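The values are calculated or read from the model by the stated rules, or taken from the named source; none is laboratory data. Given the structure is predicted, the values throughout are model-derived calculations rather than measurements. Quick reminder, even Gly has a Cβ in these numbers, built from the backbone with ideal geometry, and neighbours come from all protein chains shown.
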Amino acid sequence: MTIRDKSSSHYAINILLKIYKAKAYLLIVVGLIGIFASAYLYLNQPGPPKLTGKAKAIELSSAPSSTKPTASTINSYSVPPNQPKFISIPAIGVDNAMVIRLGLLKNGSITTPDNIYETGWYENSAAPGQMGAMFIFGHVSSWTADGVFYNLKRIVPGNLIKITRGDNKEFTYKVVALKIYPYTKVDMNQVLAPINKNLPGLNLMTCTGKVIPGTSEFNERLVVFSQQVSS
């Protein structure tokens, strides 16, 4: 082999080494881009709703209806795919009660369902399966009939609650604790927060205690705290 041939071989080898190095650098750059992109998407994924501090305790603005919804109404009921549609609590006989959407009154109080057989989901609380706490209110009764959450006081830790979402996906929550508040001293920051910050929560509320003389208002609120166990 001549000196010229050897020089040509070394040149070719150097070219190949440079190509391999360039490919290696490219793979490293692509890998780093993928890592940063994944980190960005993770850090910027939608989180639980932020509490604005505007939500005050439930206010019963008017007497709810005591007319039971028909089977047809229940079967045809629909909500957006990510919102709660039905709630079931086997331990107290609640089976696929409709969940309507609740907003705020002008004074900042959360509205209530118009019917004692319906429950209401506060729209600024978490959605099913979402980190944070989903908040659902249900009436205990009217003057003439027991409401959807009449037996909520009988629930105990360990009981299960099933939420069916608008897309018919089901989420199961386990009761962890119950707490009773005077109706004028409900800690809404606590009520709208998950009992376990590492798991999606579901908190239920209804009226309890005694009727305040001269009103249709009960003097206490019962809150049930639960956490998600399956979906």
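Annotations for the structure displayed:
- Condition check for LEU204: surrounded by 13 or more Cβ atoms within 10 Å (Cβ to Cβ), within 19 Å of ASP146 (Cβ to Cβ) and modelled with pLDDT of 90 or more: yes
- If you filter region 53-76 down to residues that are under 26 Å from LEU160 (Cα atoms) and either part of a loop (DSSP other than H, G, I, E, B) or of a type outside the set (Ser, Thr, Tyr) (or both), you find that the one that is modelled with the lowest pLDDT is ALA57.
- THR119, sole failed condition from (1) surrounded by 14 or more Cβ atoms within 10 Å (Cβ to Cβ); (2) among the hydroxyl-bearing types (Ser, Thr, Tyr); (3) more than 18 Å from the chain's Cα centre (by Cα): (3)
Yes or no, residue by residue, for (1) farther than 26 Å from LYS174 by Cα; (2) touching a Pro at 6+ places or on another chain (Cβ under 8 Å); (3) in a strand (DSSP E or B); (4) outside the structural domain of ASN189 (by TED's automatic domain parsing):
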| site | (1), (2), (3), (4) |
| --- | --- |
| SER78 | no, no, no, no |
| PHE86 | no, no, yes, no |
| ASN96 | no, no, yes, no |
| ILE100 | no, yes, yes, no |
| LYS106 | yes, no, no, no |
| PRO113 | no, yes, no, no |
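- Among the candidates ASN159, ASN96, residue that is of a type in the set (S, T, N, Q), surrounded by 16 or more Cβ atoms within 10 Å (Cβ to Cβ) and touching a residue at least 12 places away in the same chain (Cβ under 8 Å): ASN159
- Residues of region 156-194 that are touching an Asp or Glu at 6+ places or on another chain (Cβ under 8 Å), in a loop (DSSP other than H, G, I, E, B) and of a type outside the set (Ser, Thr, Tyr): none at all.
- Check on THR184, modelled with pLDDT of 95 or more and in the same structural domain as GLU123 (by TED's automatic domain parsing): no
- Selection over region 131-150 of residues that are over 23 Å from the mean Cα position of the chain (by Cα) and not in a loop (DSSP other than H, G, I, E, B) gives a count of 2.
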